[in-house]
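The values are calculated or read from the model by the stated rules, or taken from the named source; none is laboratory data. No experiment lies behind these values; they were computed from the predicted model shown. Quick reminder, even Gly has a Cβ in these numbers, built from the backbone with ideal geometry, and neighbours come from all protein chains shown. Surface accessibility is based on the protein's heavy atoms, side chains included, excluding ligands, DNA and RNA. Shrake-Rupley method; radii C 1.70, N 1.55, O 1.52, S 1.80 Å.
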Amino acid sequence: MLRTDDVARLTGLSSSTLAKLRLTGGGPHYIKLGRTVVYDPADVEAWLSIHRRSSTSVAN
């Protein structure tokens with residue numbers, strides 16, 4: 001399991017951006033263990049894979 005800081009380093013996003021994505025539902029799936037947020041590495045990889053682009057001209 002990865003903590004928020006680990007995912008931030010892996011993705012290049014800030015911890016606060018990941019927190020905002022948790023609120024909006026736009027980030028990788030996560031698990032709450034008490035107050036701690038953890039991410040399954042497979043979920044992070046899947047989320048990154050979904051957001052792959054080959055061109056800046058391709059619409060999201």
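Return one whole number: the accessible area per residue of the chain in Å², for a 1.4 Å probe.
74
Dividing the summed helix terms, -39500 (n - 2.57) for each DSSP H run of n ≥ 4, by the number of residues in the chain produces a 222 nm estimate of -13500 deg cm²/dmol to the nearest 500. Within the accessible surface of the chain, defined with a 1.4 Å probe on protein heavy atoms only, the carbon and sulfur portion equals 52 percent. A Gaussian network model of the chain, with springs between Cα atoms under 10 Å, assigns the largest mean-square fluctuation among LEU21, LEU33, LEU48 to LEU33.
What is the magnitude of the charge dipole of the chain about its Cα centre, with +1 placed on the Cβ of each Lys and Arg, -1 on the Cβ of each Asp and Glu, and no other charges, expressed in debye to the nearest 20?
200
Across the chain, where is the longest run that never hits trypsin sites (Lys or Arg not before Pro) in a DSSP loop with at most 12 other C-beta atoms within 10 Å? Here the longest run is 1-34. Relative contact order of the chain, taken over Cα pairs closer than 8 Å and 6 or more residues apart, is 34 percent. Listed values (1) 1.16; (2) 1.09; (3) 2.33 include one computed from this model; for Cα Rg over 2.2 N^0.38 Å that value carries the label (1).
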